[in-house]
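This report refers to the structure that appears directly beneath it.
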Amino acid sequence: MADMHNQTKPAKPKRVEALTRELHDELFVYDRQRHRVHCLNKTATAVWLECNGEATVPEIAKKLENPMCADGDDVLVRLAVAKLGKAGLLEKSDAAFDGAEFLSRRDVLKRIRTVALVVLPAVTTMLVPTPAFAASCSPPLSGCSKNSQCCSGHCVGLICL
């Protein structure tokens, strides 16, 4: 017998803590824990900024109601939330964002034929090396031209000591 009190709650996506920098119509989000930079287009940015853990997907769509979410249709918001979740930009919760709950890009295009492609949410992710991996040096007996190239800090006669 199913328990009536055990029904699933509507998902309320919440963005992760991250450093952000706006550049033109895009938002760069740096995830310090995973050392990744994500570039969000205007649509993904609008949705991500509304993901405060308080609003459901339909409520976010209503807030953003414009050509992006015409007639209260939350299909673009659901697609954006799916992409943001996959990129690790949303916190995991009890009401996890099940892939079946969200539509594919093709389904979205079928439903919003009148909306330009530039409105579709886009999230691009890049791996950023940690400072330890970004700083590299040459081992002893390697070629060099200055002290800073050698792990020892000593470049003598074009060879690291």
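The values are calculated or read from the model by the stated rules, or taken from the named source; none is laboratory data. Being a predicted model, the structure only gives us computed values, none of them experimental. Quick note on the areas: whole protein, heavy atoms, side chains included, nothing else; ligands and nucleic acids left out. Shrake-Rupley method; radii C 1.70, N 1.55, O 1.52, S 1.80 Å.
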What is the extension gain from SER152 to CYS39, computed as 0.36 nm multiplied by their sequence separation minus the C-alpha to C-alpha distance, in nm to one decimal?
-> 36.9 nm
Ignoring ligands and nucleic acids, what accessible area does LYS83 show with a 1.4 Å probe (Å², nearest 10)?
-> 60 Å²
